[in-house]
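Undergrad: Encoded as structure tokens, here's the structure I'll be asking about.
The values are calculated or read from the model by the stated rules, or taken from the named source; none is laboratory data. It should be emphasised that the depicted structure is a prediction, and the values quoted were computed from it without experimental measurement. Cβ: placed from backbone, ideal geometry, glycine included. Neighbour counts: every protein chain shown.
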Amino acid sequence: MELLFLGTGAADYNENHRTMDGYRRNASLLIDGCLLIDPGPCVPDALETFGVGIKSIRYILNTHKHADHYCEATVDTLIAHGATMLTLKNGEERAIGKYHITALEGNHAVAVQHFVISDGEKSLFYGLDSAWLIYSEIDYLRAHPVDYAILDGTVGFIEGDYRVFEHCNLQMILVMWQSMRPFVSRLCISHMARTLHTDHLTLSREMAKHDIEVAYDGYRVTL
């Protein structure tokens, strides 16, 4: 399974920040060049930047309808080039091509879904956006261990920020990682807020102390 992070930023990044060092597009992930999670407004630009043909995308999943994760124009363009939008109910499992996809309810201010995706050899948990993972998700992961998990790192090490009720700060990530290690082989964070984080290098060095990867736009992972 090949992962390409098309975007790794939170909603406080916008077009005005494109010239800044460490600019992050709205969070989105592409699996094997064909399965897209979150068709946000930055996806067309990311596909062009990272040399991905739009016609290669066959399937689209969406965590939720916040504007940084879902853009109608992006969806229409992808569908016009042959992609299919997949809609699952919470708890539903579906086989699509070589993938087995399970939708799980997440913990966010609006209805959000997280996904466990397997290609028969490797498996991924995609957990953006979220605060603490709810018990039903952890219960599922304990029964179905994954090779790679991607969690929400929005708030950084900021304390007292109200967004921890729908997003994670990094103290929360460290606590969850301690408990998730028996059933998650590797952990990565994405969806970093521009106003709540240090630069990428500083963040990566700090997270490496805890065996946690920090995604950036264009980050590629082979499972």
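Undergrad: Are any residues in the range 131-175 over 21 Å from E92 (Cα atoms), aliphatic (A, V, I, L, M) and surrounded by fewer than 19 Cβ atoms within 10 Å (Cβ to Cβ), and if so, which ones?
TA: Within the range 131-175, I158, V164, L174, V175 qualify.
Undergrad: Looking at R194, R205, which is the one that is among the basic types (K, R) and more than 18 Å from the chain's Cα centre (by Cα)?
TA: On the way: R194 fails: more than 18 Å from the chain's Cα centre (by Cα).
Sole residue among the options that is among the basic types (K, R) and more than 18 Å from the chain's Cα centre (by Cα): R205.
Undergrad: Looking only at the range 14-31, how many residues end up being of a type in the set (S, T, Y) and surrounded by 24 or more Cβ atoms within 10 Å (Cβ to Cβ)?
TA: Qualifying residue count for the region: 1.
Undergrad: Right, here's the next one. If we keep just the residues of the range 91-130 that are farther than 19 Å from T8 by Cβ and β-branched (V, I, T), which is surrounded by the fewest Cβ atoms within 10 Å (Cβ to Cβ)?
TA: Here is the first cut: in the range 91-130, the ones farther than 19 Å from T8 by Cβ are 91-105, 107, 109-111, 113, 116, 118-123.
Pick out the ones that are also β-branched (V, I, T) and you get 96, 101-102, 110, 116.
Numbers: I96: 15, I101: 19, T102: 20, V110: 10, V116: 21.
Going through the qualifying residues, I end up with V110.
Undergrad: For residues in the range 173-223 being without any contact (Cβ under 8 Å) to a residue 24 or more places away in the chain and among the hydrophobic types (A, V, I, L, M, F, W, C), which is nearest to G7 (Cα to Cα)?
TA: Step by step, filter the range 173-223, then rank; the result is L201.
Undergrad: Any chance you could count how many residues in the range 71-109 are of a type in the set (D, E, K, R), part of a loop (DSSP other than H, G, I, E, B) and closer than 24 Å to A46 by Cβ? Talk me through it step by step, then tell me what you get.
TA: Kept after step one, since they are of a type in the set (D, E, K, R), are these residues of the range 71-109: 72, 76, 89, 92-94, 98, 105.
From the residues that got through so far, the ones that are part of a loop (DSSP other than H, G, I, E, B) too are 89, 92, 98.
With closer than 24 Å to A46 by Cβ added as a condition, the list becomes 98.
Here the count works out to 1.
Undergrad: Any residue that is under 29 Å from H144 (Cβ atoms), modelled with pLDDT of 95 or more and assigned to a loop (DSSP other than H, G, I, E, B) - is there at least one of those in the range 197-208?
TA: No: the range 197-208 contains no residue that is under 29 Å from H144 (Cβ atoms), modelled with pLDDT of 95 or more and assigned to a loop (DSSP other than H, G, I, E, B).
Undergrad: Let me spell it out: the conditions are (1) outside any strand (DSSP E or B); (2) out of contact with any His (no Cβ under 6 Å at 6 or more places or on another chain), and V221 meets all of them except one. Which number is the exception?
TA: That leaves (1) as the condition not met.
Undergrad: Anything in the range 41-70 that is without any contact (Cβ under 8 Å) to a residue 40 or more places away in the chain, within 23 Å of D12 (Cβ to Cβ) and part of a helix (DSSP H, G or I)? List them, or say none.
TA: Within the range 41-70, V43, P44, D45 qualify.
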